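Read through the structure below, which is laid out as structure tokens, and then see the notes.
Please treat every number below as a calculation from the coordinates, not as lab data. As the structure is a prediction and not an experimental result, all values here were calculated from the model. Backbone-built Cβ (ideal geometry, glycine too); neighbour counts: all protein chains shown.
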Amino acid sequence: MALNGSEALLYVGGEAVAKQTGLSRSRSSPTIDVSHKLSDLDEFIPGRGNGGTLTLNALFVPDHASYTALRTAQDDKELITARITIDGEEWEEADALVTQFDEDWPDNAASTMSITLQVSGIWTSVESS
């Protein structure tokens with residue numbers, strides 16, 4: 001069954017980030033080029049893996065605890081635990097660094113923020129209690 005995107009939420013510090021409008025995750029599998037002169041083809045081996053990045057879009061709510069937690073984590077260069085829930089159920093979590101924090105205050109429109117997190121390590125499944 002397809003998933004309605006509104007059912008996927010990001011939690012930071014045990015609390016859902018306020019007024020989320022979008023959440024996306026990008027993961028890649030880097031490779032190492034081991035091509036050589038004796039081959040007519042490119043050759044690759046697996047490289048160092050990574051947990052990827054998360055991009056969160058939300059309405060700008062500066063007095064919410066999640067906003068403060070994300071800004072403080074970026075300012076202090078500290079890892080946070082990012083947890084994704086799907087349809088209210090805890091799904092996966094990973095440690096991450098806030099690498100970009102954009103805020104937009106347009107005229108006569110909702111103020112928004114866009115936050116990028118770089119995952120440190122791997123995503124792990126969250127066991128149901």
Show me, for the stretch 30-47, the HN-Hα J-couplings you get by feeding each phi into the Karplus relation (A = 6.51, B = -1.76, C = 1.60, θ = phi - 60°), rounded to Hz, glycine and proline as x. x, 10, 10, 6, 10, 4, 9, 5, 8, 10, 8, 10, 6, 10, 9, 10, x, x
Of I115, I80, I32, the most mobile residue in a GNM of the chain (C-alpha springs, cutoff 10 Å) is I32
Highest-fluctuation residue, L23, L41, L54 considered, GNM on the chain with Cα pairs under 10 Å: L41
Using 7 Å Cα-to-Cβ label points, what is the A110/H36 separation (nm, one decimal)? 5.7
Electrostatic dipole magnitude of the stretch 1-76 [Cβ: Lys, Arg +1; Asp, Glu -1; Cα centre; debye, to 20]: 100
Expressed in nm to one decimal, what extension gain is obtained for the pair W91 and S24 from 0.36 nm per residue of sequence separation less their Cα-Cα distance? 22.7 nm
How high is the relative contact order of the chain, given as a whole-number percent (alpha carbon pairs under 8 Å, six or more residues apart)? 26
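Can you list which of the GluC sites (Glu not before Pro) found in the stretch 1-59 are DSSP loop residues with at most 12 other C-beta atoms within 10 Å?
Numbers: sites: E7, E15, E43; in loops: E43.
Qualifying residues, ordered by number: E43.
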Please give the Cα centre distance for the stretch 102-122 versus the stretch 1-38, rounded to the nearest Å. 15
Nearest-20 debye value, the chain charge dipole, Cβ charges on Lys, Arg, Asp, Glu: 180
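Restricting attention to the stretch 84-129, which GluC sites (Glu not before Pro) occupy a DSSP loop and are surrounded by at most 11 other Cβ atoms within 10 Å? Kindly include the intermediate steps, with their values, before the conclusion.
On the way: sites: E89, E90, E92, E93, E103, E127; in loops: E127.
Answer by residue number: E127.
Where Lys and Arg each count +1 and Asp and Glu each count -1, what net charge lies around Y11 among other residues with Cβ under 13 Å from its Cβ?
Details: positive: R83; negative: E15, E89, E90, E92, E93.
That sum, taken over residues with Cβ under 13 Å, equals -4.
Need one number for the chain: average projected area of the convex hull over its C-alpha atoms, nm².
On the way: hull surface 48.2 nm².
It is 12.0 nm².
On full extension of the chain, what length is gained from N57 through D102, given 0.36 nm per residue of separation minus the C-alpha to C-alpha distance?
Values: separation 45, 0.36 × 45 = 16.20 nm, distance 0.94 nm.
Answer, rounded to one decimal: 15.3 nm.
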First select every other residue whose beta carbon is under 10 angstrom from the beta carbon of L97; then total the charges, Lys and Arg +1, Asp and Glu -1. -1
Where is the GNM fluctuation largest for the chain (alpha-carbon springs, 10 angstrom cutoff): V34, V12, V119? V34
Helix axis angle, 65-76 relative to the chain longest principal axis, alpha carbon, degrees: 50
